[in-house]
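Chemist: Before anything else, here's the structure in question.
The values are calculated or read from the model by the stated rules, or taken from the named source; none is laboratory data. Here the structure is a predicted model, which is why all the values come from computation and not from measurement. Glycine also receives a Cβ, built like all others from the backbone with ideal geometry; neighbour counts cover every protein chain displayed. Surface accessibility is based on the protein's heavy atoms, side chains included, excluding ligands, DNA and RNA. Shrake-Rupley method; radii C 1.70, N 1.55, O 1.52, S 1.80 Å.
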Amino acid sequence: MLVAPSILSADFGKLQSEIKAICDAGCDFVHVDVMDGHFVPNLTIGPVVVSAAVKVSSKPLDIHLMVQNNTFFTELFAPLKPKYLSFHIEEEKHPHRLIQKIKSFGISPAIVLNPHTPPKSIEYILEELDMVLLMSVNPGFGGQSFIPSTLKKIDILRKMIDDAGLKTLIEVDGGINDKNIHSLKSAGADIIVAGNYIFSSPSYKNAIDSLRI
Ligand code: DX5
Ligand code: ZN
């Protein structure tokens, strides 16, 4: 299991040292939650702050857009050269076009599904994706409780990916800790995002290790 700590739960007053700490603790990606105050009722950070903060990062970026204007934000964050850039299917009328744009920047495209959005909604676009991100909470805030029906969705998506002979990764985001990580693993998740669990732990390394099962 690959682990991507969400810096949403980090101490924003010392973002650089928090990012360095999770990289030193052995995370695989640095998950950055971009919220615009429209698609979700919260506002986070833009590319100026993110590019300054991640100068100390030794791990690739995993940028999760929770915004209304995906094309605008894609162009804004592309210069940061993340490994993954993910956008919500609920907010995109032309996902194929946006995926082409993300690929043109040399970035791996991913689509995010809110907890109520069925995997079938991306059936005809799955082969274009390097990753699918399943939200296991309603996006907008850290520290919420895991929604159990996500497990069934992971299972369905895993079958869709395997049946199509694809290598698309499944990432799960929200309410993940050392208690539910085993069920996520058996359902077929490849990468997990965890914010509150890691950043509220006295040892980032122990927390990350407990998720890497
Ligand atoms: C929620 C974000 C998540 C969140 C995860 O909108 O996309 O990345 O920060 O945080 P926890 O692990 O605290 O649920
Ligand atoms: Zn996220």
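Chemist: Go through region 29-112 and tell me which strands (runs of 3 or more DSSP E), entirely inside it, have 3 or more residues that are within 15 Å of V132 (Cα to Cα).
Modeler: In region 29-112, the matching strands (runs of 3 or more DSSP E) lie at 61-66, 84-88.
Chemist: Inside region 79-98, can you point out the residues that are surrounded by fewer than 22 Cβ atoms within 10 Å (Cβ to Cβ) and in contact with a helix residue (DSSP H, G or I) (Cβ under 8 Å, 6 or more places away or on another chain)?
Modeler: Selection gives P79, L80, I89, E91, E92, P95, H96, L98.
Chemist: Could you tell me how many of the residues in region 116-131 are open to solvent by 20 Å² or more (accessible area, probe 1.4 Å) and in a loop (DSSP other than H, G, I, E, B)?
Modeler: Counting residues in region 116-131 that are open to solvent by 20 Å² or more (accessible area, probe 1.4 Å) and in a loop (DSSP other than H, G, I, E, B) gives 5.
Chemist: Under 9 Å between Cβ atoms, at least 6 apart or on separate chains: pull out the pairs that start in region 93-106 with a residue that is within 13 Å of F73 (Cβ to Cβ) and end on any residue that is at pLDDT 95 or above and hydrophobic (A, V, I, L, M, F, W, C).
Modeler: Filtered contacts from region 93-106: L98/F87; K101/A78; I102/A78; I102/L85; I102/F87; I102/A110; F105/A78; F105/L85.
Chemist: Can you tell me which of K101, K152 is of a type outside the set (A, V, I, L, M, F, W, C), more than 16 Å from ligand 1 (Cβ to nearest atom) and under 23 Å from N180 (Cα atoms)?
Modeler: Only one candidate qualifies: K152.
Chemist: Next question, about the same structure. Go through region 106-115 residue by residue and tally those that are buried (at least 16 other Cβ atoms within 10 Å of the Cβ) and closer than 21 Å to P60 by Cα.
Modeler: Residues flagged as buried (at least 16 other Cβ atoms within 10 Å of the Cβ) and closer than 21 Å to P60 by Cα within region 106-115 amount to 6.
Chemist: Residues D130, D173: which one is at pLDDT 95 or above, under 16 Å from the mean Cα position of the chain (by Cα), of a type in the set (D, E, K, R) and within 16 Å of ligand 2 (Cβ to nearest atom)?
Modeler: Selected residue: D173, the only one of D130, D173 that is at pLDDT 95 or above, under 16 Å from the mean Cα position of the chain (by Cα), of a type in the set (D, E, K, R) and within 16 Å of ligand 2 (Cβ to nearest atom).
Chemist: Only residues that are of a type in the set (A, V, I, L, M, F, W, C), assigned to a helix (DSSP H, G or I) and either closer than 14 Å to V193 by Cα or open to solvent by 20 Å² or more (accessible area, probe 1.4 Å) (or both): list them for region 150-182, please.
Modeler: The answer is L151, I156, M160, I181.
Chemist: Could you list all residues from region 183-213 that are part of a helix (DSSP H, G or I), of a type in the set (S, T, N, Q) and within 12 Å of ligand 1 (Cβ to nearest atom)?
Modeler: Across region 183-213, the qualifying residue is only N196.
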